[in-house]
Amino acid sequence: MERIVILSGAGLSAESGLGTFRDAGGIWQKYDLEEVATPEGFARNPALVHQFYNARRANCAGAAPNAAHRALAELQQAAPDRVTLVTQNIDDLLERAGARDVIHMHGEVMRALCASCGHRWDVPMVMQPQDPCPACAQPDTRPDIVWFGEIPYHMEDIGAALSQADLFVAVGTSGAVYPAAGFVSEARAFGARTLELNLEPSETSRLFDTSRLGPASEIVPAWVAELLQRG
Ligand code: NAD
């Protein structure tokens, strides 16, 4: 199988009931992003930020992977060293579908980070201000999330995978948030073919060789089945 890098976004988890950024009435619209998803917001009001991520953690725990998560996991299991899964999602639905080594460039809602010593651990369902770090005991802990204004994780690994990819695929992402929105151009510059799988044309659709439109739970399994048949 050719080397494939798959970047996923909120659209992958939309049919699992985890709203996208833009969903009308969704959790993201009830909060001001400046207040809940920036380091400055956390410094101003950590209780509000924890409340936001506690709610997202509960949503995540109550959600189940859908057919698109399962198809991507199946593809990876068929060729683990050829398929790199990069996600902007902070949920763990790809892992619960059986995927391994998922690159969470924006962090993980089920993990916590100590800002003092860098220790990471699985969070209890509810975090609150001043929770002590289990490693160094400093009350300097936070959700392990990359907030706006912070540098996404694993950029070197992602760059290396993009440079070797034969095919770059974006699933359920609007192309509005950088640096992920730039991966399609990066992959193209390295010579990869590019495919977009999204509900509707995105802001970066014109940069892809091909777009397939529809719900992820339908178009992702169909694409994976084609690839696996081809071998
Ligand atoms: P986005 O909300 O900006 O875009 C979602 C995209 O998915 C849109 O293009 C939309 O047309 C498409 N979409 C919606 N439903 C779909 C479906 N059923 N099938 C296929 N496509 C569908 O999200 P983004 O591009 O991931 O970027 C926004 C930021 O929001 C990211 O940083 C991400 O970390 C964060 N976010 C994460 C989650 C999550 O972890 N589940 C949820 C919401 C937002």
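Within the bounds of segment 182-196, is there any residue that is open to solvent by less than 40 Å² (accessible area, probe 1.4 Å), in the same structural domain as residue 157 (by TED's automatic domain parsing), more than 25 Å from residue 97 (Cα to Cα) and within 17 Å of the chain's Cα centre (by Cα)? Yes, segment 182-196 contains at least one residue that is open to solvent by less than 40 Å² (accessible area, probe 1.4 Å), in the same structural domain as residue 157 (by TED's automatic domain parsing), more than 25 Å from residue 97 (Cα to Cα) and within 17 Å of the chain's Cα centre (by Cα).
Among the residues of segment 79-122, none is identified as charged (D, E, K, R), away from the ligand (no atom under 16 Å from the Cβ) and crowded, with 19+ Cβ neighbours inside 10 Å. Could you list, ordered by first residue, the pairs with Cβ atoms under 9 Å in which the first is in segment 73-97 and within 18 Å of residue 153 (Cα to Cα) and the second is basic (Lys, Arg) and within 9 Å of the ligand (Cβ to nearest atom), at least 6 apart or interchain? Every condition considered, the pairs that remain are 90/56; 91/56.
A single entry from 57, 22 fulfils the requirement of being part of a loop (DSSP other than H, G, I, E, B), out of contact with any Ser or Thr (no Cβ under 7 Å at 6 or more places or on another chain) and within 12 Å of the ligand (Cβ to nearest atom): 22. Of the listed requirements (1) farther than 17 Å from residue 6 by Cβ; (2) in the same structural domain as residue 189 (by TED's automatic domain parsing), residue 158 misses just one: (1). For segment 63-83, check the following and say yes or no: at least one residue is of a type in the set (Val, Ile, Thr) and farther than 30 Å from residue 213 by Cβ. Looking through segment 63-83, none of the residues is of a type in the set (Val, Ile, Thr) and farther than 30 Å from residue 213 by Cβ.
Every listed requirement among (1) farther than 19 Å from residue 37 by Cβ; (2) out of contact with any helix residue (DSSP H, G or I) (no Cβ under 9 Å at 6 or more places or on another chain) is met by residue 98 save one, (2). Looking across segment 163-191, the residues that are among the hydrophobic types (A, V, I, L, M, F, W, C) and outside any strand (DSSP E or B) come down to 165, 176, 177, 180, 181, 183, 184, 187, 189, 190.
Is it the case that some residue within segment 40-49 is more than 9 Å from the ligand (Cβ to nearest atom), open to solvent by 10 Å² or more (accessible area, probe 1.4 Å), in contact with a Gly (Cβ under 8 Å, 6 or more places away or on another chain) and in contact (Cβ under 8 Å) with a residue 60 or more places away in the chain?
yes
If you scan segment 50-62, which residues turn out to be buried (at least 18 other Cβ atoms within 10 Å of the Cβ) and among the hydrophobic types (A, V, I, L, M, F, W, C)? Listed by number, the residues that qualify are 52, 60.
The values are calculated or read from the model by the stated rules, or taken from the named source; none is laboratory data. Quantities reported herein were computed from a predicted structural model and do not represent experimental measurements. Note: ideal-geometry Cβ built from the backbone for every residue, glycine included; neighbour counts use all protein chains shown. Only protein heavy atoms, including side chains, enter the accessible area calculation; ligands, DNA and RNA are left aside. Shrake-Rupley method; radii C 1.70, N 1.55, O 1.52, S 1.80 Å.
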